[in-house]
Amino acid sequence: MSGCHAADRSGVHHWLGAVAIALLVLMPTAFAHGVKAGDLRIDHPYAVPSRPGLSTGAVYFRAISNTGTQPDQLLGARTPAAASVELHRMEMDGDVMRMRAVPAIDLPPNTEVRLRHGSANGHHLMLLGLKAPLKDGDRFPVTLTFRRAGEREVMVWVQTPRDALKPEAHTH
């Protein structure tokens, strides 16, 4: 009987060891997609795949959270993946979606600002003059410039979100 319990414990220890190794391998990936810059938390920068033949793309964020007591602003961005980056705001004007460049994106204190795809009223980073199409699984760096938090580089993952609009729907 004691040999049976020893075998059971050995199996449990083997299983726990495998789980621990899996967590150690996966944890850096899970946490690497959120970045801090001063009082700001930049959560999940991503881009959707670009349409073939278009030289534009967009970068979104699950959110940028300002956990501090002072307001901040996203003033601009740059990336080697595109010739230039503009801050854009999309707004519904009746039945028509209008997009325009804005000089900054306000990040009020103790607030979470979402920059999500498919948002009828929201912001995103517009990539102009893409050097190559954005393909599912690609990654590229973007340097964000904030008024108070300074510059911070984030890694953008190109992905087709579960609830994404088809890439054909995001045309500029």
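Of everything in the stretch 86-121 that's assigned to a strand (DSSP E or B) and of a type in the set (Asp, Glu), which residue is surrounded by the most Cβ atoms within 10 Å (Cβ to Cβ)?
If we take residues in the stretch 86-121 being assigned to a strand (DSSP E or B) and of a type in the set (Asp, Glu), then GLU86 is surrounded by the most Cβ atoms within 10 Å (Cβ to Cβ).
Across the stretch 15-62, what is the number of residues that are surrounded by 10 or more Cβ atoms within 10 Å (Cβ to Cβ) and at pLDDT 50 or above?
Summing the residues that are surrounded by 10 or more Cβ atoms within 10 Å (Cβ to Cβ) and at pLDDT 50 or above in the stretch 15-62 gives 28.
If I go through the stretch 134-161 residue by residue, how many of them are assigned to a loop (DSSP other than H, G, I, E, B), touching a strand residue (DSSP E or B) at 6+ places or on another chain (Cβ under 8 Å) and under 18 Å from PRO52 (Cβ atoms)? Give the steps one after another, and end with the answer.
First pass over the stretch 134-161, keeping only residues assigned to a loop (DSSP other than H, G, I, E, B): 134-138, 147-149, 159-161.
Of the ones still in play, those that are also touching a strand residue (DSSP E or B) at 6+ places or on another chain (Cβ under 8 Å) are 134-138, 147-149, 159, 161.
Within this subset, residues satisfying the condition of being under 18 Å from PRO52 (Cβ atoms) are 134-138, 159.
Qualifying residue count, the stretch 134-161: 6.
Let's see how each residue does on (1) farther than 18 Å from THR79 by Cα; (2) modelled with pLDDT under 90:
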| position | (1), (2) |
| --- | --- |
| HIS124 | no, no |
| ALA132 | no, no |
| LEU144 | no, no |
| ARG147 | yes, no |
| ARG162 | yes, yes |
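Six or more apart or on different chains, Cβ atoms under 7 Å: show the pairs whose first residue is in the stretch 98-120 and closer than 11 Å to HIS88 by Cβ and whose second is of a type in the set (S, T, N, Q).
The qualifying pairs are ILE105/GLN73.
Pairs, please: C-beta under 9 Å, at least 6 apart or cross-chain, first residue under 11 Å from PHE146 (Cα atoms) and in the stretch 52-75, second surrounded by fewer than 21 Cβ atoms within 10 Å (Cβ to Cβ) and among the hydroxyl-bearing types (Ser, Thr, Tyr)?
Close Cβ pairs (under 9 Å, with a partner that is surrounded by fewer than 21 Cβ atoms within 10 Å (Cβ to Cβ) and among the hydroxyl-bearing types (Ser, Thr, Tyr)) amount to PRO71/THR111; LEU74/THR145; LEU75/THR145.
Does ALA83 qualify as being outside any loop (DSSP other than H, G, I, E, B) and either among the β-branched types (Val, Ile, Thr) or within 30 Å of PRO109 (Cβ to Cβ) (or both)?
For ALA83, the condition - outside any loop (DSSP other than H, G, I, E, B) and either among the β-branched types (Val, Ile, Thr) or within 30 Å of PRO109 (Cβ to Cβ) (or both) - is not met.
The values are calculated or read from the model by the stated rules, or taken from the named source; none is laboratory data. Source: prediction; values computed, not measured. As a convention, Cβ positions derive from the backbone with ideal geometry for all residues, glycine included, and neighbour counts pool all protein chains shown.
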